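Before any comments, here is the structure.
The values are calculated or read from the model by the stated rules, or taken from the named source; none is laboratory data. What you see is a predicted model; the values in this text were computed from it and never measured. A quick note on method: Cβ atoms are made from the backbone with ideal geometry, for glycine too, and the neighbour counts reach across all protein chains shown. Note: areas computed on protein heavy atoms with side chains; ligands, DNA, RNA excluded. Shrake-Rupley method; radii C 1.70, N 1.55, O 1.52, S 1.80 Å.
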Amino acid sequence: MTATESRAERKERTRAALLDGALDLLADRSLSALSLREVARSAGIVPTAFYRHFASMDELGVALVEDGMRMLRRMLREARRDPVPRDARTSLDILVRQVRANEGQFRFLSRERYGGVAEVRQAIASELRLFSSELSTDLGRNPALAQWPRSDLDMAADLIVSVMMTTVIDLLEVTGTGEDVVIDRAERQLRLIIIGMGGWRPSS
């Protein structure tokens, strides 16, 4: 291993430590209430070393958004590629597992979606648009929707993504049997959207 490779690996480990430390600190507060000094301390570095990885706390927040949403998009993309058809309940079960395995990231996303840091809000909105756009493209590959204009596919995708994001927020607030109530409601909502799509007459 060369010295350059070793420095690159150390830099990546420190960056990951900063992100992980920030998530831990964000468990019960917003990004705007978090100080750079606290985040640096959590990663075991001096505050000035923070700037080797992020230009500001806002940039760190955007990185947290991108990492969290990339993970969710990848998980759902892989589910859609599965040749075995998946019903709404199966997709929701995947979502539950992802939320429970990464609660810190999802709490951050749900809190900051309407929080006080503009750059982070914009990053979340951008990632959700990308999420919806990918789903819209997938819906368009369904033969039953082949004649739908893109605007109608986008509308259907937006509805599905909205249900999923609401479900994420609700899951973070419940435990035990409450989780089943949240999933049952989300499943009915998704089924209603799907049934409605079957009777929808696409706009010209």
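Going by average Cβ density within 10 Å per residue, which order do the peptides 98-104, 8-14 take, highest to lowest?
Values: 98-104: 15.9, 8-14: 12.0.
So the order, starting with the most tightly packed, is 98-104, 8-14.
How far, in degrees from 0 to 90, does helix 177-199 lean away from the longest principal axis of the Cα atoms of the chain, to the nearest 10?
50
Tell me, what is the per residue accessible area of the chain in Å², probe radius 1.4 Å?
Numbers: 11440 Å² over 204 residues.
The answer is 56 Å² per residue.
So what's the gap between the Cα centers of region 139-204 and region 44-66, to the nearest angstrom?
Cα centres, region 139-204 to region 44-66: 35 Å.
How far is helix 103-112 tilted, in degrees, relative to the longest principal axis of the Cα atoms in the chain, given as a value from 0 to 90 rounded to the nearest 10?
Between helix and principal axis, roughly 80 degrees.
On the protein heavy atoms, probe 1.4 angstrom, tell me the percent of accessible surface of the chain carried by carbon and sulfur. Could the numbers behind the result be given before it?
Values: 5960 of 11440 Å².
Accessible surface attributable to carbon and sulfur in the chain totals 52 percent.
What is the dipole size for the chain, taken about its Cα centre, with +1 at each Lys and Arg Cβ and -1 at each Asp and Glu Cβ, in debye to the nearest 20?
Details: 30 positive and 30 negative charges, 71 e Å.
It comes to approximately 340 debye.
How much mean residue ellipticity at 222 nm does the chain get from its helices, if each DSSP H run of length 4 or more adds -39500 (n - 2.57) and you divide by all residues, to the nearest 500 deg cm²/dmol? Can you show the working numbers first?
Numbers: 8 runs with 147 residues, N = 204.
Mean residue ellipticity, 222 nm, calculated: -24500 deg cm²/dmol.
Which one of Gly140, Gly178, Val99 is farthest out on the positive end of the charge dipole of the chain, using unit charges on Cβ (Lys, Arg +1; Asp, Glu -1) and the Cα centre as origin?
Of the candidates, Gly140 comes out farthest on the positive side.
In degrees from 0 to 90, rounded to the nearest 10, what is the angle of the helix 3-25 Cα long axis to the longest principal axis of the chain?
That helix lies at roughly 70 degrees to the long axis.
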